[in-house]
Amino acid sequence: MMEPLNIELTENQQMIAETVRSFASKHIQPHIMEWDESQEFPIEVFKKLGELGLMGVLVPEQYGGAGLGYLEYVTAIVELSKVDGSIGLSMAAHNSLCTGHILQFGNEEQKKKWLPKLATAEWIGAWGLTEPNTGSDAGNMRTVGVQEGDYYIINGAKNFITHGKSGNVAVVMVRTGEKGDSHGMTAFVIEKGTPGFSSGRKENKLGMRASETTELIFTDCKVHKDNILGKVGDGFVQALKVLDGGRISIAALGLGIAEGAFQAALKYSKERQQFDQPISNFQGISFKLADMATEIEAAKLLIYRSADMKNKGMNVNKESAMAKYYSSEVAVRVANEAVQIFGGYGYIKDFPVEKFYRDAKLCTIGEGTSEIQKLVIARAILK
Ligand SMILES: Cc1cc2nc3c(=O)[nH]c(=O)nc-3n(C[C@H](O)[C@H](O)[C@H](O)COP(=O)(O)OP(=O)(O)OC[C@H]3O[C@@H](n4cnc5c(N)ncnc54)[C@H](O)[C@@H]3O)c2cc1C
């Protein structure tokens, strides 16, 4: 008999999903609106996630991580983001960006030095590519590092950096060569407390408000060449590779938000009565639910495919861009329709969908906007 393509969770992934679900209902759900309103970054939640192995999901056990694959990683982000996208975003940024960059490009000594601290959440990680004047055009960065003996003197600023203030360590992309040269940038690991390294303004955001977003400032910051990841000049190319994997996690973040908003809307549509019947009886509402469910399923397929390819060590440049682009746009559409299904109650903070609606929008912007994903996809298919 023919078997359909299996995208069901394995037993291990189901166990992870259940563990994260129960963690989220106990430690996250009761606080989401309090953190959202105060813009508090609940660092203790990440310490607890570290105890569960979720702050070093992809890090091999020899460096203190969980040693799991991308499908387990996606599963954990989806479950967290169904409850609170901010927690999903911070967990993804810590795992994929800072930790992921050191894991992919660090030498043995660097891995031993930083990964065990990051994988257990003893330390929180940040990753700095974006600058005030260069976001999508990150290769044009202005933060510069000038070599002086065994050190580099770094000057400039990065903005919109997740965990820019609470992070204990940051991987920062710095110009060390000519402008316009894609091999003119270098990745440095810079620890908090390094003279000349400070954090600046914390942003007041539309959504993802429990995920901290701040500036990083470098004023004659002196960093030893031993803190360079890989070779001088490889930083930008490394960053693009890190983003290929990171985009799978933002796609999972979007999927979790979409699923959370959909479940809330589905339940409400069966409970809310108008014209003496549940509103789900109206075709106008049930067709919305049908569209939402279909798009969620399609996003899931793209994400699972790119995660599976990543596990197999394949190039996921196009596939992760497709998953990220589609899933984040689905998150925005589904959250929008969820608010519509809730009617006026969708617009007030007593119900969960207004937060999904605000949080979802980040997914179409962070780690490359939807337009930049289309650029990546178009380049790949026109090659
Ligand atoms: C909450 C949050 C967390 C973040 N965390 C991090 C982090 O941890 N580390 C980090 O380095 N960055 C981080 N970022 C930055 C994020 O990656 C950038 O905001 C994003 O890449 C877009 O850059 P920009 O904001 O400068 O927009 P711009 O690049 O100025 O884009 C403005 C508009 O122009 C469009 N555009 C630009 N170029 C093109 C083009 N060639 N073709 C078509 N359209 C184009 C864009 O799609 C967008 O619609 C974060 C951002 C946010 C909001």
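When only alpha carbons of segment 284-383 are considered, Rg and Dmax amount to 15.6, 50 Å.
Please identify the longest segment of the chain free of exposed GluC sites (Glu not before Pro), where exposed means a DSSP state other than H, G, I, E or B and no more than 10 other Cβ atoms within 10 Å. Provide the component values of the computation, followed by the final result.
Numbers: sites that count: Glu8, Glu178.
Within the chain, the longest run free of exposed GluC sites (Glu not before Pro) spans 179-383.
Diffusion coefficient (Stokes-Einstein, Kirkwood radius over C-alpha pairs, 20 °C, 1.002 mPa s) for the chain: 101 µm²/s, rounded to a whole number.
Restricting to Cα atoms and excluding each atom paired with itself, what does the Kirkwood estimate give for segment 84-237 in Å? Don't jump to the answer; show the numbers that get you there.
Numbers: mean 1/r = 0.0652 Å⁻¹.
So the Kirkwood estimate lands at 15.3 Å.
Relative contact order of the chain, please, whole-number percent, based on alpha carbon pairs below 8 angstrom and at least 6 residues apart.
On the way: 757 pairs, mean separation 62.5, N = 383.
Reported as a whole number, the value is 16 percent.
Expressed in nm², what is the orientationally averaged projection area of the convex hull enclosing the Cα positions of segment 41-104?
On the way: hull surface 15.9 nm².
Taking the Cα atoms of segment 41-104, their convex hull projects to 4.0 nm² on average.
After finding the eigenvalues of the alpha carbon gyration tensor for segment 188-240, what semi-axes result from the square roots of 5 times each, listed largest first in whole Å?
Values for segment 188-240, descending: 26, 17, 8 Å.
Taking the centroid of alpha carbons for each part, segment 115-167 and segment 314-328 are 24 Å apart. For segment 127-209, trypsin sites (Lys or Arg not before Pro) are listed when DSSP marks them as loop and at most 12 other Cβ atoms sit within 10 Å of their Cβ; the list is Lys179.
Shown for segment 6-75 is the translational diffusion coefficient from the Stokes-Einstein equation, using the Kirkwood radius over Cα pairs, a temperature of 4 °C and a viscosity of 1.567 mPa s: 97 µm²/s.
The C-alpha atoms of the chain define a longest principal axis, and helix 283-311 lies at about 30 degrees to it.
Relative to the globular-protein estimate of 2.2 N^0.38 Å, the Cα radius of gyration of segment 131-191 stands at 1.12. D by Stokes-Einstein for segment 228-288, Kirkwood Rh over Cα pairs, 20 °C, 1.002 mPa s: 142 µm²/s.
Each DSSP beta bridge with both residues in segment 36-186 is either parallel or antiparallel, and the antiparallel ones are about 60%.
Å³ per residue of the Cα convex hull, for segment 160-315? Let's see the in-between values first.
Details: hull volume 26.1 nm³, N = 156.
Cα convex hull per residue, to the nearest whole number: 167 Å³.
Magnitude of the charge dipole for the chain, about its Cα centre and with charges confined to Cβ atoms of Lys, Arg (+1) and Asp, Glu (-1), is about 520 debye. With only the Cα atoms considered, segment 1-140 has a convex hull volume of 164 Å³ per residue. Based on C-alpha pairs under 8 angstrom that are at least 6 apart in sequence, segment 96-144 has a relative contact order of 29 percent.
Checking the Cα-Cα distances for Lys205/Lys349; Lys82/Lys300; Lys312/Lys374; Lys82/Lys111; Lys205/Lys374 against a 20 Å cut-off, the pairs over it are Lys312/Lys374; Lys82/Lys111; Lys205/Lys374. Residues in segment 177-189 carry Karplus couplings, in order, of x, 6, 5, x, 9, 5, 9, x, 10, 9, 9, 10, 9 Hz; the curve used is 6.51 cos²θ - 1.76 cosθ + 1.60 with θ = phi - 60°, and Gly or Pro positions show x.
Working from the alpha-carbon coordinates of segment 223-336, get Rg over Rh, Rh being the Kirkwood radius. Please list the in-between numbers first.
Values: Rg = 19.9 Å, Rh = 16.2 Å.
A ratio of 1.22.
Roughly what % of DSSP beta bridges within the chain run antiparallel, to the nearest 5?
On the way: 30 of 36 bridges.
Of all bridge pairs located within the chain, approximately 85 percent are antiparallel.
Averaging the Cα positions of each part gives two centres, and for segment 346-378 and segment 194-261 these lie 18 Å apart.
Restricting to DSSP H runs of at least four residues, report the calculated mean residue ellipticity at 222 nm for the chain, -39500 (n - 2.57) per run over all residues, nearest 500 deg cm²/dmol.
On the way: 12 runs with 185 residues, N = 383.
-16000 deg cm²/dmol, from helical runs alone.
Where a number appears in this text, it was derived from the coordinates with a stated rule and is not lab data. Nothing here was measured: the structure is a model prediction, and the numbers come from that model. All Cβ positions, even for glycine, are placed from backbone atoms using ideal geometry, and neighbour counts span all protein chains on display.
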